[in-house]
Amino acid sequence: MLQIYNTLSRKKEAFKPVEPGKVRMYVCGMTVYDYCHLGHARMLVSFDVVQRWLRHSGYSVDYVRNITDIDDKIIRRAVQTNKRLGEVTAFYIDAMHADERALGVAAPDREPRATQYVGEMVDIISKLEARGLAYQADDGDVNFAVREFPGYGKLSGKTLDDLRAGERVAVGSAKRDPLDFVLWKSAKAEEPDDTKWASPYGMGRPGWHIECSAMANALLGQPLDIHGGGPDLKFPHHENEIAQSEGAFGGTLANTWIHCGPLMVDADKMSKSLNNFRTIRQTIAQGEPGDDAAEYAVNAREAEMLRFFIVRNHYRSAQNYAPDNLADAQSALDRLYQALLNVPPAEVDIDWAAPAAVAFTAAMDDDFNSSGAVAALFELASEANRTKDAAVSGQLKALGGVLSLLQQAPDAYFKWSSRYSAGAAERPDTLGDADIDAMVAARGAAKQARDFAEADRLRDALRAAGIELDDKAGGITQWRRA
């Protein structure tokens with residue numbers, strides 16, 4: 001029985017979707033005004049693992065992950081670059097999709113954009129106004145009246161008194177209460193025309209929180225089986241979603257709430273606001289990706305390392321970014337691929353009754369504990385190295401595939417150099433594949449001619465360049481980058 005930690009109840013619960021065998025999952029996605037950073041990678045990969053395990057468990061999953069394509073940050077980027085809103089968002093949506101493909105993140109079943117659901121947002125605002133939960137202020141903005149919604153704070157555990165402490169109404173604010181949040185922003189004369197929509201409240205645009213209430217309800221209805229997102233969304237975004245959706249439609253917005261943990265940098269959460277972020281493409285691109293390119297060439301070994309770096313930690317844990325941690329992840333992933341290189345895997349179906357698969361299942365059923373599942377992969381790698389059994393390495397590859405890992409051909413995987421390999425900074429990375437093949441062939445010829453000094457010289461030169469050789473029976477030599 002799958003157990004999931006529910007942020008709302010603050011405990012693990014047996015997962016029981018509303019409709020047996022079917023899961024309706026909504027995850028808050030990206031605001032597309034810049035490139036995705038490693039904190040975004042953690043969210044994307046974490047919920048990719050969730051949806052993959054749900055499907056492997058036999059559920060039919062309708063996975064919706066939205067795109068925020070109207071927002072103050074996007075408007076500022078459009079004005080700064082003298083581009084239309086749609087040009088900015090189209091570019092960064094393409095860039096996000098390139099990052100997802102690089103990390104093995106499957107596309108959601110549906111990917112709605114906020115600008116496609118403005119009408120539905122206005123309908124919700126009208127319902128809230130009719131129920132006394134929203135009001136139009138003197139400045140034209142429409143705000144949610146937080147104190148009129150009795151359940152406010154139930155997700156985050158914050159009380160109104162806690163929230164009220166230290167709050168002040170900003171100068172010029174027309175809110176009735178500093179806790180109230182905006183549902184509809186009245187248009188400003190200086191804002192571009194393509195950022196304004198007509199509504200019963202005048203020209204304007206939706207607030208950020210209302211978009212997910214509209215899209216989730218329109219596409220999946222209530223209650224959602226799972227609602228998820230990054231750690232910073234619990235409050236206020238998801239708290240405000242609950243207030244809007246349950247205030248407008250009654251009932252329960254979501255039965256299970258899932259939030260992944262933060263990616264930390266020196267005790268702070270990685271974020272653009274702190275300017276302590278590193279983008280996905282900076283981390284895994286082959287060469288320089290360029291600031292004007294949505295697509296980029298991917299280093300396949302480094303890209304899988306980044307996914308592995310995320311997957312081998314429990315999704316709810318705080319995870320620390322540091323170059324040494326990426327190097328450790330690269331070394332660990334290399335060991336798994338080395339087992340597949342040592343013992344070429346047979347094509348097998350997963351034997352779910354085998355001990356490693358039982359341990360893998362137990363871990364994943366315990367709140368998607370991918371850390372425990374990865375431990376089972378290392379047990380299989382050790383067994384494959386010990387027994388030289390192709391069926392065992394086949395099980396390793398097949399179970400890895402459940403997490404979207406270990407699906408590259410091992411010899412191709414090791415042809416990629418990695419900036420995160422031990423000693424990479426000290427090694428010259430100047431030898432191409434053809435150069436290496438030529439040196440390996442020359443070494444083989446030297447050995448046949450019994451010129452062992454030349455063979456040793458070539459081997460040492462390759463080793464100095466980070467190329468490891470493995471001599472096989474029949475005079476065959478395999479090479480890999482360290």
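Expressed as an acute angle from 0 to 90° and rounded to the nearest 10, what is the orientation of the C-alpha long axis of helix 118-130 relative to the principal long axis of the chain?
Long axis of 118-130 versus the principal axis of the chain: about 40 degrees.
Mind jotting down the distance between the C-alpha centroids of the stretch 322-364 and the stretch 59-104, whole Å?
Comparing the Cα centres of the stretch 59-104 and the stretch 322-364, I get a distance of 33 Å.
Using θ = phi - 60° and the Karplus form 6.51 cos²θ - 1.76 cosθ + 1.60, what ³J(HN,Hα) does each residue of the stretch 434-441 get, whole Hz, x for Gly and Pro?
So the J values, rounded to whole Hz, are 5, 4, 5, 4, 5, 5, 5, 5.
Extending each Cα 7 Å along its Cβ direction at R84 and R463, get the distance between those two points in nm, one decimal.
6.2
Determine the gain in length on full extension of the stretch Q286-R55; use 0.36 nm per residue of separation and subtract their C-alpha separation, reporting nm with one decimal.
79.9 nm
Could you tell me the calculated FRET efficiency between D94 and L160, based on Cβ-Cβ distance and R0 = 41 angstrom, to the nearest 0.05?
0.45
To the nearest 20 debye, what charge dipole does the stretch 321-413 have about its Cα centre, counting +1 at the Cβ of each Lys and Arg and -1 at the Cβ of each Asp and Glu?
Roughly 260 debye for the stretch 321-413.
Run the simple label-point estimate for A441 and K388 please: 7 Å along Cα→C-beta, distance reported in nm.
3.0
Relative contact order of the stretch 79-222: what whole-number percent is it, with Cα pairs under 8 angstrom and at least 6 residues apart?
It rounds to 25 percent for the stretch 79-222.
First check a/c for the stretch 321-413, with a ≥ b ≥ c the square roots of the eigenvalues of its C-alpha gyration tensor; if it is under 1.5, answer rounded, and if not, answer prolate when a/b is larger than b/c or oblate otherwise.
Here the stretch 321-413 falls in the oblate category.
Once you compute Rg and the Kirkwood Rh from C-alpha atoms, what is the Rg to Rh ratio for the chain?
When Rh is taken as the Kirkwood radius, the ratio is 1.05.
Rounded, prolate or oblate: which fits the stretch 1-146 when a ≥ b ≥ c are the square roots of the eigenvalues of the alpha-carbon gyration tensor, with rounded for a/c under 1.5 and prolate only if a/b beats b/c?
Oblate is the answer for the stretch 1-146, as a/c is 1.5 or above yet b/c matches or exceeds a/b.
Could you point to the residue in L340, S370, S173 farthest towards the positive end of the chain's charge dipole, with +1 and -1 charges on the Cβ of Lys/Arg and Asp/Glu respectively?
S370
Given the stretch 3-264 reduced to its alpha-carbon atoms as identical point scatterers, what log10 I(q)/I(0) does the Debye formula return at q = 0.08, 0.13, 0.17 Å⁻¹?
-0.32, -0.88, -1.46
Nearest 0.05, what FRET efficiency do D470 and R76 give at R0 = 60 Å with Cβ-Cβ as r?
It comes to 0.65.
How much mean residue ellipticity at 222 nm does the chain get from its helices, if each DSSP H run of length 4 or more adds -39500 (n - 2.57) and you divide by all residues, to the nearest 500 deg cm²/dmol?
-13000 deg cm²/dmol
Restricting to Cα pairs below 8 Å that are 6+ residues apart, what does the relative contact order work out to for the stretch 403-480? Please round to a whole percent.
Reported as a whole number, the value is 30 percent.
Which percentage, to the nearest 5, of the DSSP beta bridges contained in the chain is antiparallel?
55
Kindly state, to the nearest 0.05, the FRET efficiency for S126 paired with E347, given R0 = 35 Å and r defined as their beta-carbon distance.
The pair S126/E347 has a calculated efficiency of 0.05.
Just want to confirm a number: the relative contact order over the stretch 3-264, from Cα pairs under 8 angstrom separated by 6+ residues, in percent.
24
Which value, in debye to the nearest 20, describes the size of the charge dipole of the stretch 180-251 about its Cα centre when Lys and Arg Cβ atoms bear +1, Asp and Glu Cβ atoms bear -1, and nothing else is charged?
That gives a dipole near 120 debye.
Run the Debye formula on the Cα coordinates of the stretch 256-354, all scatterers equal and no solvent, and tell me log10 I(q)/I(0) at q = 0.10, 0.12, 0.15, 0.22 1/Å.
Debye curve over Cα of the stretch 256-354, log10 I(q)/I(0) at q = 0.10, 0.12, 0.15, 0.22 Å⁻¹: -0.40, -0.56, -0.82, -1.24.
If you stretched the chain out fully between F452 and K188, how much longer would it get, using 0.36 nm times the residue separation minus the C-alpha to C-alpha distance?
Difference between extended and current length: 87.1 nm.
Please check which bits of the stretch 244-272 a label hung off V18 would reach, taking the label as a point 7 Å along Cα-to-C-beta and the cut-off as backbone N under 19 Å.
Those under the cut-off are 244-258.
Each reported figure results from applying straightforward, stated rules to the coordinates on display, with no laboratory input. Since the structure is predicted, the reported quantities are computational estimates derived from the model, not experimental observations. Heads up, the Cβs are rebuilt from the backbone with ideal geometry, glycines too, and the neighbour counts pull from every protein chain shown.
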